Amino acid sequence: MTTNAQSNRRIVLAARPRTAADLSCFRLEAVPIDAPREGEILLRTLWLSLDPYMRGRMSDAPSYAPPVAIGGVMTGGTVARVEKSLNANFRVGELVLATSGWQEFAISDGSDLVKLPANMDSPSQALGVLGMPGFTAYIGLLDIGKPQPGETVVVAAATGAVGSVVGQIAKLTGCRVVGVAGGPEKCAWAVQQLGFDACVDHRSAALSELLAPACAKGIDVYYENVGGKVFRAVLPLLNAHARIPVCGLISQYNEAPQPTDGESVPALMRAILVKRISLRGFIISDGYGHRRGEFLEAMSSWLREGKIKYREDVVQGLENAPSAFLGLLAGRNFGKLVVKVGAADRERAAGKGDAA
Ligand SMILES: NC(=O)c1ccc[n+]([C@@H]2O[C@H](COP(=O)([O-])OP(=O)(O)OC[C@H]3O[C@@H](n4cnc5c(N)ncnc54)[C@H](OP(=O)(O)O)[C@@H]3O)[C@@H](O)[C@H]2O)c1
């Protein structure tokens, strides 16, 4: 591919995955940069967020949001800078939170943009701990999980963007927190750095045997990010009146659609009945906007006071977004996955090496 300073590099959906997504599903293109019209803004992407929901947008199976069209730019949250503005509400140089997708430049009419402080130390936080994943953790845990001091909270994908925040807020609430994560390094980090009481490795063949003693008083809240074998290990340990915020099922995202009469469903239904369990799915973009101010206030002060820690997994260059995204679906990220898009990309594409 040839690129020049006047092109917009973007990653489009080349094909829908049948089961597991792979690199052939994506295509890197270079197209001319669009010029903004009256009322519009030209954005330059600085940071791109990679999130598990994007796997759903690659599929045309019915879901809560429409799929990306074949040949369409992959959807994604971004932090961007205003490059040109024909919109009186935005000035050149301003920093915004946008939904401009996997591309270096995008046009917006401003209606989907949220201004960020110009002097923000770590703008990528707006895609993670202070953004959609952090907000998802906050609402799902506090509104649906309703943790009480002394209760046991188990969180899956415990070191990820959502799970790491869930566990830390549960600790601040006075709960015993048990994480489930992939591998000894992630489990050690959850205990030593995030302050979880325990963390068990879901890759271990003895997952159930490890989880039971870590949850000696049973499980009151299970924050579901994963599904599959983690859920099967959790189910027998749930206490009466347990709550399960059903946030995500990442272990299933690369699978072919499942029949609805799977083996664990009768066991699940019986547990829901006899233990009077509340289990509720939620989508953070759906009706929680009025709580964002409260979340930002709480999370900003927790961050300032050092009560919440976060970790980012930074990938350099837009061209590396597809492989990084596939890694996210396989647990190869360690922390909130973000792509640094910008000058370094262009210099690499022009053969000048990595300037990041
Ligand atoms: N409902 C909503 O509105 C909403 C909003 C945001 C996110 N979510 C959901 O929240 C979950 C976490 O998202 P995130 O952004 O925080 O991602 P993340 O945890 O930062 O990254 C994904 C992690 O999932 C784990 N994973 C992947 N495949 C797995 C498998 N087969 N079995 C067990 N674990 C697996 C991996 O961690 P390990 O190596 O530890 O296994 C991987 O690092 C996802 O299910 C996502 O769809 C939902």
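The values are calculated or read from the model by the stated rules, or taken from the named source; none is laboratory data. As the structure is a computational prediction, the values presented were derived from the model and not from experiment. Positions of Cβ are generated from backbone atoms using ideal geometry, with glycine treated the same way; all protein chains shown enter the neighbour counts.
Does Pro245 satisfy being out of contact with any Pro (no Cβ under 7 Å at 6 or more places or on another chain) and buried (at least 19 other Cβ atoms within 10 Å of the Cβ)? Reasoning before the result, please.
Numbers: out of contact with any Pro (no Cβ under 7 Å at 6 or more places or on another chain): yes; buried (at least 19 other Cβ atoms within 10 Å of the Cβ): yes.
Taking the combined requirement at face value, the residue satisfies it.
Out of the residues in the stretch 248-290 meeting the condition of being in contact with a helix residue (DSSP H, G or I) (Cβ under 7 Å, 6 or more places away or on another chain), among the hydroxyl-bearing types (Ser, Thr, Tyr) and in a loop (DSSP other than H, G, I, E, B), tell me which one is surrounded by the fewest Cβ atoms within 10 Å (Cβ to Cβ).
Across the stretch 248-290, the extreme among qualifying residues is Tyr288.
With the checklist (1) more than 23 Å from Ala21 (Cα to Cα); (2) of a type in the set (D, E, K, R); (3) surrounded by 17 or more Cβ atoms within 10 Å (Cβ to Cβ) in hand, flag the one item Glu224 doesn't pass.
Answer for Glu224: the failing condition is (1).
If you check Lys171, Lys186, which single one turns out to be under 23 Å from Leu329 (Cβ atoms), surrounded by 14 or more Cβ atoms within 10 Å (Cβ to Cβ) and basic (Lys, Arg)? Walk me through it before giving the result.
Details: Lys171 fails: under 23 Å from Leu329 (Cβ atoms).
Among Lys171, Lys186, only Lys186 is under 23 Å from Leu329 (Cβ atoms), surrounded by 14 or more Cβ atoms within 10 Å (Cβ to Cβ) and basic (Lys, Arg).
Residues being small (Gly, Ala, Ser) and surrounded by 22 or more Cβ atoms within 10 Å (Cβ to Cβ): count how many of those fall in the stretch 38-72. Before you say what the answer is, go through the steps one by one.
At the first step, the residues of the stretch 38-72 found to be small (Gly, Ala, Ser) are 39, 49, 56, 59, 61, 63, 65, 69, 71-72.
Okay, now just the ones that are also surrounded by 22 or more Cβ atoms within 10 Å (Cβ to Cβ), so 49.
Count: 1.
Scan the stretch 48-71 and report the pairs whose first residue is at positive phi and whose second residue is of a type in the set (Val, Ile, Thr), with Cβ atoms within less than 6 Å and a gap of 6+ or a chain change.
Close Cβ pairs (under 6 Å, with a partner that is of a type in the set (Val, Ile, Thr)) amount to Gly71/Val12.
Return only the number of the condition from (1) over 20 Å from the mean Cα position of the chain (by Cα); (2) in contact (Cβ under 8 Å) with a residue 40 or more places away in the chain; (3) within 9 Å of the ligand (Cβ to nearest atom) that Arg203 does not satisfy.
Against the list (1) over 20 Å from the mean Cα position of the chain (by Cα); (2) in contact (Cβ under 8 Å) with a residue 40 or more places away in the chain; (3) within 9 Å of the ligand (Cβ to nearest atom), Arg203 comes up short only on (2).
Of everything in the stretch 140-160, what is buried (at least 21 other Cβ atoms within 10 Å of the Cβ) and either part of a helix (DSSP H, G or I) or touching a Gly at 6+ places or on another chain (Cβ under 6 Å) (or both)? Give them in sequence order. Spell out the reasoning first.
Filtering the stretch 140-160 down to residues buried (at least 21 other Cβ atoms within 10 Å of the Cβ) leaves 140-141, 145, 147, 151-160.
Within the stretch 140-160, Gly140, Leu141, Gly145, Val155, Ala157, Ala158 meet the criteria.
If you check Ala137 against the conditions, is it part of a helix (DSSP H, G or I) and within 10 Å of the ligand (Cβ to nearest atom)?
On the way: part of a helix (DSSP H, G or I): yes; within 10 Å of the ligand (Cβ to nearest atom): yes.
So Ala137 passes the test.
For Ala80, are the conditions met, namely being modelled with pLDDT under 95, more than 23 Å from Pro257 (Cα to Cα) and among the small types (Gly, Ala, Ser)? Quick ask: steps written out before the conclusion?
Numbers: modelled with pLDDT under 95: no; more than 23 Å from Pro257 (Cα to Cα): yes; among the small types (Gly, Ala, Ser): yes.
So Ala80 fails the test.
Among the residues of the stretch 290-311, write down those that are farther than 21 Å from Lys171 by Cα and within 17 Å of the chain's Cα centre (by Cα).
Arg292
Counting just the residues of the stretch 235-288 that are of a type in the set (Ser, Thr, Tyr) and modelled with pLDDT of 90 or more, which one comes out nearest to the ligand (Cβ to nearest atom)?
Applying the first criterion (of a type in the set (Ser, Thr, Tyr)) to the stretch 235-288 yields 251, 253, 260, 264, 278, 285, 288.
Now restrict to residues that are modelled with pLDDT of 90 or more: 251, 253, 278, 285, 288.
Details: Ser251: 3, Tyr253: 7, Ser278: 16, Ser285: 7, Tyr288: 9 Å.
Per the criteria, the residue is Ser251.
Return the pairs, sorted by first residue and then second, in which the second residue is within 16 Å of the ligand (Cβ to nearest atom) and in a helix (DSSP H, G or I), the first residue lies in the stretch 262-288 and is among the hydroxyl-bearing types (Ser, Thr, Tyr), the beta carbons are less than 8 Å apart, and the residues are 6+ apart or on different chains.
Cβ pairs passing all conditions: Ser264/Phe231; Ser264/Arg232; Ser264/Leu235; Ser278/Ile144; Ser285/Met132; Tyr288/Phe135; Tyr288/Ile139.
Would you check which residues across the stretch 202-221 are buried (at least 19 other Cβ atoms within 10 Å of the Cβ) and not aliphatic (A, V, I, L, M) and list them?
Residues satisfying the conditions are His202, Cys215, Asp220.
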